[in-house]
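The structure appears right after this line, and notes come after that.
Bear in mind that the values in this text are calculations on the coordinates, not laboratory data. Only a predicted model underlies this, so the values are computations on that prediction, with no experimental measurement involved. With ideal geometry, Cβ positions are generated from the backbone for all residues, glycine too; neighbour counts draw on all protein chains shown.
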Ligand code: ATP
Ligand code: MG
């Protein structure tokens with residue numbers, strides 16, 4: 001019986017096996033998953049151009065991160081304040097979102113996703129339909145109903161929670177968040193991803209039983225924000241801030257000090273006082289806490305936290321039932337992180353004038369291996385860089401998808417090293433002259449600290465073993 005099936009299915013088996021081998025050949029090398037080759041990347045580089053498309057008409061409109069991101073093929077302008085995020089940027093952004101997700105979920109955040117298109121009627125209830133004026137992108141549907149492309153989601157999330165009639169105090173704090181595109185018709189879109197008209201924001205909305213509980217939640221989220229910036233190795237200041245059109249009772253901004261920053265900050269070198277000038281009732285030059293002399297600095301706002309009170313929950317009816325089963329209006333907070341702005345801002349503060357530097361965790365790829373130049377003696381040792389590539393991924397699986405091979409062997413090693421350094425790979429491994437030694441020695445260059453070491457293949461693996469990858 002078994003024999004019969006075997007012989008009948010044999011031709012089919014042979015064909016499937018042949019197809020499998022064919023497929024394996026096209027997707028794999030040496031039986032391992034496909035290598036990432038620099039020659040195949042979609043990355044319209046403008047490295048040699050001084051002027052790059054969309055950098056702005058005058059130098060005033062451009063800044064370091066915008067120029068570097070355009071030159072390196074990380075972004076491409078689409079229309080005013082709107083950019084194509086090219087593959088390297090998307091990888092960095094996905095890593096940033098992973099870092100954010102981990103922190104938001106560790107404090108109880110639940111990830112969701114709300115529509116970008118929101119109805120005018122909702123915005124009229126909060127009176128922000130008129131208040132936001134020209135900043136709102138407004139549109140009408142085929143039935144002549146008015147909508148906007150949401151610049152933020154306080155109204156939408158509060159209505160959503162209000163619809164859950166049976167929310168119990170036992171379910172609070174409720175912490176909902178999303179990472180979505182936001183739309184703002186900014187008066188001055190500029191500086192690339194720093195101030196776009198369409199950008200990504202992580203926004204969290206929290207619902208609590210009381211003002212005290214809401215303050216605890218406020219601190220919980222603020223501390224999570226601090227941990228995010230610490231992990232990214234970004235120097236930040238948390239400042240007292242104005243509540244603006246979002247409203248509420250208290251707010252803080254997370255700022256990265258930078259010359260290009262559009263916010264003016266006042267900081268006290270003696271105590272911990274720090275504020276956005278916008279938030280100060282009298283922009284005195286003395287510290288309101290210790291009367292010391294305040295120092296001025298410019299900053300890029302990368303995050304904003306608000307204690308809202310019941311501003312939205314009372315008008316939209318977001319309430320919960322308390323232990324006596326009585327409905328009580330929920331106390332709210334909202335918390336924004338500018339996802340795409342953080343990417344550009346980190347490039348702005350970490351990069352040199354002509355080379356991108358990423359927070360280690362966000363580098364789109366961790367390792368770039370540069371193969372020997374075509375026609376060189378080193379090239380005669382067949383498959384050196386390919387073997388290193390495959391062994392690295394086999395031995396350290398966390399590097400899967402993190403290693404690229406600069407296979408453009410018609411270019412000199414020097415030229416490719418320069419490109420790699422400009423793109424900011426944290427680790428560049430070169431199969432240069434010393435691979436002719438026995439055992440072969442690879443040159444490992446770390447643009448972040450300017451150090452170079454020569455290591456055997458085994459040494460390279462040891463060197464990379466403890467690298468943190470998001
Ligand atoms: P700004 O004062 O810079 O215009 P905002 O105070 O209006 O920002 P929020 O409403 O607090 O911004 O939004 C939360 C976060 O979203 C901000 O801290 C910032 O990081 C980011 N963000 C706001 N506007 C933009 C924009 N036009 N482009 C990119 N990111 C933005
Ligand atoms: Mg803000």
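What the table shows:
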{"item": "Relative exposure of 116, 323, 121, 371, judged by other C-beta atoms within 10 Å (fewest first)", "result": "323, 121, 116, 371"}
{"item": "Stokes-Einstein translational diffusion, region 87-349 - Kirkwood Rh over all Cα pairs, 1.306 mPa s, 10 °C, in µm²/s", "result": "82 µm²/s"}
{"item": "Chain lengthening between residue 41 and residue 466 when straightened (0.36 nm per residue, less Cα-Cα)", "result": "150.3 nm"}
{"item": "The chain: angle of helix 211-231 to the longest principal axis, Cα-based, in degrees nearest 10", "result": "30 degrees"}
{"item": "Label-point gap, in nm, between residue 130 and residue 271 - each point 7 angstrom along Cα→Cβ", "result": "4.1 nm"}
{"item": "Relative contact order computed over the chain (Cα-Cα under 8 Å; 6+ residues apart), in percent", "result": "14 percent"}
{"item": "Net length gained if the chain between residue 211 and residue 250 were fully extended (0.36 nm per residue, minus Cα distance)", "result": "12.9 nm"}
{"item": "Nearest 10 degrees, 0 to 90: helix 384-395 Cα axis against the chain principal axis", "result": "50 degrees"}
{"item": "Calculated diffusion of region 241-307, Stokes-Einstein form, Kirkwood radius summed over Cα pairs, 20 °C and 1.002 mPa s, µm²/s", "result": "175 µm²/s"}
{"item": "Sorted by Cβ neighbour density within 10 Å, fewest at the top, the residues 328, 339, 221", "result": "328, 339, 221"}
{"item": "Order of 208, 390 under a 10 Å beta carbon neighbour criterion, fewest first", "result": "390, 208"}
{"item": "Helical mean residue ellipticity (222 nm; -39500 (n - 2.57) per DSSP H run of 4+; nearest 500) of the chain", "result": "-9500 deg cm²/dmol"}
{"item": "Mean projection area, nm², convex hull over Cα of region 344-402", "result": "5.7 nm²"}
{"item": "Kirkwood Rh, Cα atoms: Rg over Rh of region 161-248", "result": "1.02"}
{"item": "Sites residue 284 and residue 391, calculated FRET efficiency, Cβ-Cβ separation with R0 56 Å, nearest 0.05", "result": "0.35"}
{"item": "Span from the region 254-316 Cα centroid across to the region 193-225 one, whole angstrom", "result": "17 Å"}
{"item": "Nearest-0.05 FRET efficiency for residue 80 and residue 379, computed from C-beta distance (R0 45 Å)", "result": "0.40"}
{"item": "Among 381-387, 429-435, the order from most to least packed when residues are scored by Cβ within 10 Å on average", "result": "429-435, 381-387"}
{"item": "Extension gain from residue 452 to residue 410, taking 0.36 nm per residue of separation minus the Cα-Cα distance", "result": "12.7 nm"}
{"item": "Förster radius 25 Å - calculated FRET efficiency between residue 355 and residue 90 (Cβ-Cβ, nearest 0.05)", "result": "0.75"}
{"item": "Prolate/oblate/rounded call for the chain, Cα gyration tensor, a/c under 1.5 rounded", "result": "prolate"}
{"item": "Two-site label geometry, residue 223 and residue 418: point separation in nm, points 7 Å out along Cα→Cβ", "result": "5.0 nm"}
{"item": "Cα gyration tensor, region 98-244 - rounded (a/c under 1.5), prolate or oblate", "result": "oblate"}
{"item": "Degrees separating the helix 87-106 axis from the principal Cα axis of the chain, which is the longest one", "result": "50 degrees"}
